[in-house]
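Report on the structure given below.
The values are calculated or read from the model by the stated rules, or taken from the named source; none is laboratory data. Every value quoted in this text rests on a predicted model; they were computed, and no experiment measured them. No Cβ is skipped: glycine too gets one built from the backbone with ideal geometry, and neighbour counts run over all protein chains shown. In case anyone asks, the SASA skips ligands and DNA or RNA and just uses the protein heavy atoms, side chains included. Shrake-Rupley method; radii C 1.70, N 1.55, O 1.52, S 1.80 Å.
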Amino acid sequence: MASHWQRAPMVPSWIRWLPCSFAYLTVVPDPHRFPREAWSMLPWDKAVWCDPGSVDDWIAQAQRHHPRREALHAELHAREHYDRVVRVRAARVELFGEMCRRRGLPVPHTLEELLACLVGFGLFEVDGEWLAPRLEQNPIDVLPLLGAEILTEERAQQDDRTILVAIAVRELAERSRRRWRRRQVTTELRVLAEAMRMSEPEVRRALTQLGELAGLDVEPPAAVATGRVRITVSWPAFARRFPFADLPAPEHAV
């Protein structure tokens, strides 16, 4: 069977829920069905969660990018950043473990166990030695969320869409004519929505939120825009705020 490796269709919000090693399972030779042996090269014994490493390494790296007279400031900043990352990571580990326990699934510790876990959640189907990804399902429809947790996830998914639109705008702005402090992008709202696999109302809401959070300006206003829009962003501040290529896992966005 000829393989054409690609990203499986998936709801981006899974990156907030699933362990970091999940990224290995998003690249498939066929988005519909493929033999398990196609993944023979994967590191099946790899730990499912990223290791943040030693705080001493973070301090050393921070101090290398600051003058010696600022060594103490660099250390304090590195320790604070490290502590935030570790807290966010710990919360994610606990939350995913809780979802597994509610569904009656063993909490995975290796990539091999994670695949079995995702089969249990219905995110992969198994037919003998064949696998079929089902990552296009919404976490709200898959996870055993309770009460207010559903509303929290709906709000989080809106934030996810806002970040994804910001990434798309940043990429367009990078290709636009260079201006001092401001860059402009002109695009069709429909084209932007189709490229991002979102509805136009979802894109408009994201642009409105970016106007409130990041000073993005849309003409005509995002709330009423239905066709061609001109988007103006502060530069390079906007690029620094949204440097990601894809929606990042929470601890990697801290």
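What spacing in nm lies between the two simple spin-label points modelled at ASP56 and HIS32, each 7 Å away from Cα in the Cβ direction?
5.5
Given the options LEU105, PRO144, LEU95, identify the residue whose Cα lies farthest towards the positive end of the charge dipole of the range 76-170 (+1 on Cβ of Lys, Arg; -1 on Cβ of Asp, Glu).
With unit charges placed on the Cβ atoms, the residue in question is LEU95.
Taking only protein heavy atoms into account and a 1.4 Å probe, give the accessible area per residue of the range 130-254 in Å².
55
Looking at the chain, which Cys residues are left with no other cysteine's beta carbon under 4.7 Å from theirs?
So far as the 4.7 Å Cβ criterion goes, CYS100, CYS117 stand without a partner in the chain.
Just how far, in whole angstrom, is the range 117-147 from the range 44-91 if you go by their alpha carbon centroids?
Spelled out, the Cα-based centre of one part sits 34 Å from the other.
For Cα Rg over 2.2 N^0.38 Å, which listed value, (i) 1.15; (ii) 1.04; (iii) 1.54, comes from the coordinates shown?
Comparing each candidate, only (i) matches the computed number.
Apply the Karplus parameterisation 6.51 cos²θ - 1.76 cosθ + 1.60, with θ equal to phi minus 60°, to every residue of the range 229-240 and state each ³J(HN,Hα) to the nearest whole Hz, in sequence, with x for glycine and proline.
Running phi through 6.51 cos²θ - 1.76 cosθ + 1.60 with θ = phi - 60° gives 10, 10, 10, 10, 10, 6, 9, x, 4, 5, 5, 5 Hz.
Stretched out fully, how many nm does the piece from GLU112 to ARG84 gain, at 0.36 nm a residue minus the Cα gap?
7.2 nm
So what J values fall out for the range 169-185 if you push phi through Karplus, 6.51 cos²θ - 1.76 cosθ + 1.60 with θ = phi - 60°, rounded to Hz, Gly and Pro as x?
The phi angles translate into 5, 4, 5, 5, 5, 5, 9, 7, 5, 5, 9, 6, 6, 9, 9, 10, 10 Hz.
So what J values fall out for the range 154-162 if you push phi through Karplus, 6.51 cos²θ - 1.76 cosθ + 1.60 with θ = phi - 60°, rounded to Hz, Gly and Pro as x?
Karplus-based 3J(HN,Hα) across the range 154-162 equals 4, 5, 5, 5, 5, 5, 4, 5, 5 Hz.
If I model a spin label at VAL191 and GLU70 as a point 7 Å from the Cα along the Cα→Cβ vector, what separation in nanometres do I get?
Reported label-point gap for VAL191 and GLU70 is 4.1 nm.
Between LEU146 and ARG101, what is 0.36 nm times their sequence separation minus the Cα-Cα distance? Round to one decimal in nm.
Contour length minus the Cα-Cα distance gives 14.9 nm.
Out of the total accessible area of the chain (probe 1.4 Å, heavy atoms of protein only), what percent is carbon and sulfur?
53
Using the Cα centre of the chain as the reference point, and only Cβ charges (+1 on K/R, -1 on D/E), how large is the resulting charge dipole? Debye, rounded to the nearest 20.
1360
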